[in-house]
1. Look through A:LEU11, A:LEU32 and report the one residue that is more than 28 Å from B:ASP113 (Cβ to Cβ) and more than 7 Å from chain B (Cβ to nearest Cβ).
2. Among the listed residues A:GLU368, A:GLU407, A:GLU450, A:GLU385, which satisfies the condition of being touching a helix residue (DSSP H, G or I) at 6+ places or on another chain (Cβ under 8 Å), on the phi < 0 side of the Ramachandran plot and surrounded by 14 or more Cβ atoms within 10 Å (Cβ to Cβ)?
3. In the range A:169-189, is there at least one residue being hydroxyl-bearing (Ser, Thr, Tyr) and either within 25 Å of A:VAL236 (Cβ to Cβ) or buried (at least 21 other Cβ atoms within 10 Å of the Cβ) (or both)?
4. How many residues are at pLDDT below 95 and acidic (Asp, Glu) if we restrict to the range A:422-451?
5. Of the residues B:GLY35, B:GLY137, which single one is under 25 Å from A:LEU31 (Cβ atoms) and either facing chain A (nearest Cβ under 8 Å) or crowded, with 18+ Cβ neighbours inside 10 Å (or both)?
6. Considering only residues that are at pLDDT below 90 and within 20 Å of A:GLY281 (Cβ to Cβ), which ones fall in the range A:179-214?
7. Since A:ARG294 meets every condition but one in (1) crowded, with 20+ Cβ neighbours inside 10 Å; (2) free of Cβ contacts under 8 Å to residues at least 24 places away in the same chain, which condition does it not meet?
8. Among all residue pairs at least 6 apart or on different chains, which show Cβ distances below 6 Å where the first residue, located in the range A:262-289, is in contact (Cβ under 8 Å) with a residue 12 or more places away in the chain and more than 13 Å from A:GLN356 (Cα to Cα) and the second is assigned to a loop (DSSP other than H, G, I, E, B) and open to solvent by 60 Å² or more (accessible area, probe 1.4 Å)?
Amino acid sequence: MNGARPDFENLLAAVIDGSADEAQLRQFQALLRADAELRAEYASHMRVHAFLQWRAGSAPSKSQLRGTVIPMDPAPPVEAAGENRRRWPRWRLAAAAAILAGLGAAFWLPSIPWLRNARPPENAAALEVLEAEGVATPNAPGAFNAGAQLKLSELRMLSGRLRFRLDSGAVVTVNGPADIHFLGSMRLRVNRGKVTADVSAGAKGFIVETAQAKVVDLGTKFGVDVADAGNTDVVVFQGRVNLFDRDDRHPRRASMTQLVEGEAVRVDARRQVSRIVNVTGGAREDEWASGGPRDGAAVISSVRDNLRSPSDKYFYRILPGGLKEDARAFIGQRHEWNGLDASGMPPWLTGADLVQTFVNDHLKTTLEITVTVSRPAAVYVFFDERSGRPSWLAQRFTDTGLKIGLENAPSLESGKPVGKGPGVGNMAPLSVWRCELPQAGSVTLGPVHEASDDMTRRRWMYGIAAKALPDR
Amino acid sequence: MTPPQQSHGQTPEFVRNLTESQSMLYAYISALLGGAEGAQDVLQETNVVLWSKASEYDVQRPFLAWAYTFARFQVMAWRKKQSRSRLVLDEDLVDQVADEFAAQDFNASRHLDALESCIRKLPESHRQLVDFRYAQGEAVNQIAARLGRPHNAIAASLYRIRKMLLDCMQAALVGKAGA
């Protein structure tokens, strides 16, 4: 048997992981048939594996949950007195179901199909309103004032913006129109609307589910937007999330994908996942929209690149009018654009639309980024010329002779603050290059380094901005 | 059919037995199915049958052994609805594993407490793997990619961790039984 053990261990891992193919299953069966000791070992491992699933809460099925919880609403179980229902372990839920079945067996047993098809339990969550702007609801006008303590099972907003803290610690912003159900303080179901969740360490595991997907927080700030079209857009601003098919309750199935900071995807009605290339930002962090700016005032309408790998899911963030002192330069980084000295940025550059790019893209020698503007505009590239420049830059752009500062911010872990205002902090001077587009159209930017460059001579990833040309 | 003399039906004692057996039944069903796929639904079906058969339960018999019998029937019924290519075990192996499972004597009411205690005793790196695999539901290849380690190394680590937990649980339960 000793010779078979490494095979057995690998095969058992594949079986438990759900990744074993038919040939592996046949080999696995042959080993089990031939060796009673391996059968005992299989039984033991499956037992521990199942207990670990059970403990983690990944074991109960949809039908179990529905079958156990729904009857509790009209009549709390005998054992439930004084208990917090949300904290019940699964066995207690099962007990409750069984006890209820005892109390109401006449409906419970014949009604299993009904229970299976019934709606999940309506739940509620306690929350504190932090901010409310123009909130209009169909049934609770005036209820949403800052500081209000509410317990809600659902939230329907016709318009406005509501920011609240759930008692789990998660801070959620909802932009209407929205239709949201609270399934406890750690879970929201978004039928429609845009939700941004800022999840503290204590609320790790916070879930937002939609008709298509289930987003499980792994310590993060993320957004979910459910449009009328039936798509679910998921954007990660900080940290990472796991994205699951909403209907996949398979406890060992891997997530559809994991998204990290700076990545965004759309899940359509057929559960197909596609990259969202642009996210438009607003004045506040929780103001965002998947896709390019829809506001006619924006100059940049889209930013695309030539990346084709399905694994590339990151987005360019477009900030209409966002170039100002201390504007974030890159996705997921603390580096900022500033004037090089106390005189600040040139006034003609301030207020330009800004594109946050990816700091690590400076290594991609085949990168092409196409910037599209919706009107006559000057497109600017902020380029680090310490070790030369690529040929495309001088071919398509003109050097303005001016410099802008890129503050090389200390890492978050260092505990040191980012400098505020012009000329403050560890500033790198980047040249400002300009390309004038006399009408709406596109310009394509190349890589930071060309393939022939000495890659050990570091250059920062460039910045991109655009400003409308004055009317002529 | 003559009703069993010891039948007590759907009593609080029966409810307690059924409740405390849930994780054991889930583990048993998972093992016979060769994984978790379908295990939840089979457990649900088993619970319905057990409830309907409550009046036939002889309180002199171990509850779990009685419940396993019905769970096994439900596993067989589930298998008939599946494509053969998706079945991890053939019928003979299902019977053998069922016998093996039934032969392992576990205290149904204390094993999860023991598991909790044993997880706390794991080294931090092992607890982290358990968290990735079970709390966060990540597949082995995802964990391998995240940690930059080979797939086989992660699978082997999880194998060892489950073995450690099993040994620890058995020791804990034996210790308690002997205390």
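The values are calculated or read from the model by the stated rules, or taken from the named source; none is laboratory data. Treat the numbers as computed from the prediction; the structure is a model and nothing was measured. Cβ coordinates were reconstructed from backbone atoms using ideal geometry, including for glycine residues, and neighbour counts include every protein chain displayed. To get the accessible areas, we keep the full protein, side chains included, count just its heavy atoms, and leave off ligands, DNA and RNA. Shrake-Rupley method; radii C 1.70, N 1.55, O 1.52, S 1.80 Å.
1. Working: A:LEU32 fails: more than 7 Å from chain B (Cβ to nearest Cβ).
Exactly one of A:LEU11, A:LEU32 is more than 28 Å from B:ASP113 (Cβ to Cβ) and more than 7 Å from chain B (Cβ to nearest Cβ), namely A:LEU11.
2. On the way: A:GLU368 fails: touching a helix residue (DSSP H, G or I) at 6+ places or on another chain (Cβ under 8 Å); A:GLU407 fails: touching a helix residue (DSSP H, G or I) at 6+ places or on another chain (Cβ under 8 Å); A:GLU385 fails: touching a helix residue (DSSP H, G or I) at 6+ places or on another chain (Cβ under 8 Å).
Result of the check over A:GLU368, A:GLU407, A:GLU450, A:GLU385: A:GLU450.
3. Within the range A:169-189, the subset hydroxyl-bearing (Ser, Thr, Tyr) is A:173, A:185.
Within this subset, residues satisfying the condition of being either within 25 Å of A:VAL236 (Cβ to Cβ) or buried (at least 21 other Cβ atoms within 10 Å of the Cβ) (or both) are A:173, A:185.
Checked the range A:169-189: at least one residue is hydroxyl-bearing (Ser, Thr, Tyr) and either within 25 Å of A:VAL236 (Cβ to Cβ) or buried (at least 21 other Cβ atoms within 10 Å of the Cβ) (or both).
4. The number of residues fulfilling the criteria is 1.
5. Details: B:GLY137 fails: under 25 Å from A:LEU31 (Cβ atoms).
None of the others qualify; the one that does is B:GLY35.
6. Once the filter is applied, which keeps residues that are at pLDDT below 90 and within 20 Å of A:GLY281 (Cβ to Cβ), the range A:179-214 yields only A:VAL199.
7. (1) is the only condition that A:ARG294 fails.
8. These pairs meet every condition: A:VAL273/A:MET256.
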